[in-house]
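Notes follow once the structure below has been shown.
All of the numbers you see were taken from the coordinates with simple rules; none came from a lab. Treat the numbers as computed from the prediction; the structure is a model and nothing was measured. Cβ coordinates were reconstructed from backbone atoms using ideal geometry, including for glycine residues, and neighbour counts include every protein chain displayed.
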Amino acid sequence: MKYIIFGLGVCVCIVIGAVVYGVSGQEGNESTNKVSSGTISKEQFVSEWSAAKSTGARLIDVRTPGEYEAGHYDGAEMIDFYADDFTEQINALDKDSVYFIYCQSGNRSGQALRKMQALKFTKVYDLAGGIGGNGNILPIVR
């Protein structure tokens, strides 16, 4: 009988702990539901870019000059990931602005995203799969 009462007591404590943790663990977390920086899907990229471009957001192609000239999203500026001064060019940007970045496959733009985050940029959106994996989700300029 002692073991049953003890077992029930432990179960009650676990349930109470889970309820308290579950409630307190969610307080003040509403802002984490929206991505403020990271790799996003093509649907999110198009939606967010469409909403933000009129507010001064910038679209950055981190591919090489040859890749850029072969075709880039309309409105994109190029900052070559392989340029010797890539970090300096990125660091010269306004850290409070909103940036949408992409490359050919998502590899370089993913690295650029991490570099920008390390430099304290907080609103950077990287296109998952790059232009190669998403094609003409935005108008392409050749």
Using alpha-carbon positions, the gyration tensor of region 34-141 gives root eigenvalues a ≥ b ≥ c; with a/c under 1.5 called rounded, otherwise prolate if a/b exceeds b/c, else oblate, the class is rounded
Could you please rank R114, R108, placing first whichever residue has the fewest other Cβ atoms within 10 Å of its Cβ?
R114, R108
Amide H to amide H, which residues 5 or more places from G38 or on other chains are under 5 Å from it, using H placed in the peptide plane?
V124, Y125, D126
Taking other Cβ within 10 Å of each residue's Cβ, how do Y73, Y68 sort, fewest first?
Y68, Y73
Amide H contacts of F81 (H built 1.01 Å from N, under 5 Å, at least 5 apart or other chain):
R63
Rounded to whole Hz and in sequence order, give me ³J(HN,Hα) for region 56-70 from the Karplus expression 6.51 cos²θ - 1.76 cosθ + 1.60, θ = phi - 60°, writing x for Gly and Pro.
x, 4, 10, 9, 10, 9, 9, 7, 6, x, x, 5, 4, 5, 5
J(HN,Hα) series, region 99-114, from Karplus relation 6.51 cos²θ - 1.76 cosθ + 1.60, nearest Hz, glycine and proline x:
10, 10, 10, 7, 9, 6, 10, x, 5, 5, 5, x, 5, 5, 4, 4
